[in-house]
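Down below is the structure, laid out as structure tokens.
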Amino acid sequence: MADNAPIGVFDSGVGGLSVLREIRSRLPQESLLYLADSGYVPYGEKSPEFIRQRCRSIASFLLGQGAKALVLACNTATAAGIAELRELYPQLPLVGMEPAVKPAAQATRSGVVGVLATTGTLKSAKFAALLDRFACDVRVITQPCPGLVECIEAGELDAPATRALLESYVHPLIEQGCDTVILGCTHYPFIKPLLIEMLPATVTLVDTGAAVARHLETVLAARDQLGNGEAATRFWSSGDPGRLAAVLPVLWGECGMVADYPD
Ligand code: DGL
């Protein structure tokens, strides 16, 4: 039996739209709810407890809107908050994101893998466990990227300041011989063109959006909860709804109505 309730997806801001696009293309018959917590962006430099509080509040809101599943389209929120959400909602399908260390460790030829992510993700116990599990045989260079999410939130995907900041983060990875670079934050796929320009052509970029959409499909199929309806997408922002509406055509590919999330 089909379940045409929507899937709730959230991030600290617009980054999760990179995941939402993958979900839409993999699961075109699912209705989607997207909440950008732009009033509190960036999560990357905030405390795990603060992020957990945001996760609790947003999860409760999206479930109140009828979500049948939740996707934490944010590496930082997953690292800090998914375990607690699993405890709070043991029956709920919950899908999170983590830097793609395993595929990168399998793909590298130089044996050196770079990870671009937020400070919060890189400092988390979840990320340490990921390295222990999958990166024993490779060298992993971690690079926190403070300030980058703010550039992307501002829509400055190709501005001189964004380029300069990104250059400063990418340079150490090139210097140390990384041939595989993990995009460990859902905002970064939006600056992929810049990364491709800056990195040697031999470097492979690894992103997790498509894998998360596939995993979501598997989880819903296993519970007989896939939808077969006419898909709609609704948006909320805890920041300025007008700003999210303005960037949707570029980052989501079409216009959308954005409501205010006042919490
Ligand atoms: N997009 C987020 C992530 O994947 C969070 C970025 C931030 O707010 O610092 O980690």
Output for region 42-74, where each listed residue is of a type in the set (S, T, N, Q) and touching a Lys or Arg at 6+ places or on another chain (Cβ under 9 Å): GLN65
Identity of the residue in region 19-48, hydroxyl-bearing (Ser, Thr, Tyr) and in contact with a strand residue (DSSP E or B) (Cβ under 9 Å, 6 or more places away or on another chain), that ends up nearest to the ligand (Cβ to nearest atom): TYR43
Residues being under 13 Å from LEU92 (Cβ atoms) and either charged (D, E, K, R) or within 16 Å of the ligand (Cβ to nearest atom) (or both) - total across region 60-76: 4
Enumeration of residues in region 129-148 that are of a type outside the set (Val, Ile, Thr) and more than 16 Å from the ligand (Cβ to nearest atom): ALA129, LEU131, ASP132, ARG133, PHE134, ALA135, CYS136, ASP137, ARG139
ALA105 among the small types (Gly, Ala, Ser), assigned to a helix (DSSP H, G or I) and more than 22 Å from THR202 (Cβ to Cβ): no
Answer from LYS68, LYS102 - the residue that is touching a helix residue (DSSP H, G or I) at 6+ places or on another chain (Cβ under 7 Å) and of a type in the set (Lys, Arg): LYS102
Evaluation of THR78 against (1) under 28 Å from CYS255 (Cβ atoms); (2) surrounded by 22 or more Cβ atoms within 10 Å (Cβ to Cβ); (3) not aliphatic (A, V, I, L, M) (one fails), failing number: (1)
Qualifying residue in region 140-152 (condition: touching a residue at least 24 places away in the same chain (Cβ under 8 Å), farther than 21 Å from ALA73 by Cβ, crowded, with 17+ Cβ neighbours inside 10 Å and out of contact with any strand residue (DSSP E or B) (no Cβ under 8 Å at 6 or more places or on another chain)): no
Filter pass, PRO200 being more than 28 Å from GLN143 (Cα to Cα) and either assigned to a loop (DSSP other than H, G, I, E, B) or not hydrophobic (A, V, I, L, M, F, W, C) (or both): no
Residues satisfying the stated conditions in region 220-245, i.e. modelled with pLDDT of 95 or more and of a type in the set (A, V, I, L, M, F, W, C): LEU220, ALA221, ALA222, LEU226, ALA232, PHE235, TRP236, LEU244, ALA245
Residues of region 164-195 that turn out to be more than 24 Å from LEU248 (Cβ to Cβ) and free of Cβ contacts under 8 Å to residues at least 60 places away in the same chain, as a count: 11
Qualifying residue in region 88-103 (condition: in contact (Cβ under 8 Å) with a residue 60 or more places away in the chain, among the charged types (D, E, K, R) and within 12 Å of the ligand (Cβ to nearest atom)): yes
Check on THR218, β-branched (Val, Ile, Thr) and in contact (Cβ under 8 Å) with a residue 12 or more places away in the chain: no
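The values are calculated or read from the model by the stated rules, or taken from the named source; none is laboratory data. No experiment lies behind these values; they were computed from the predicted model shown. Here Cβ is always computed from backbone atoms with ideal geometry, including for glycine, and neighbour counts include all displayed protein chains.
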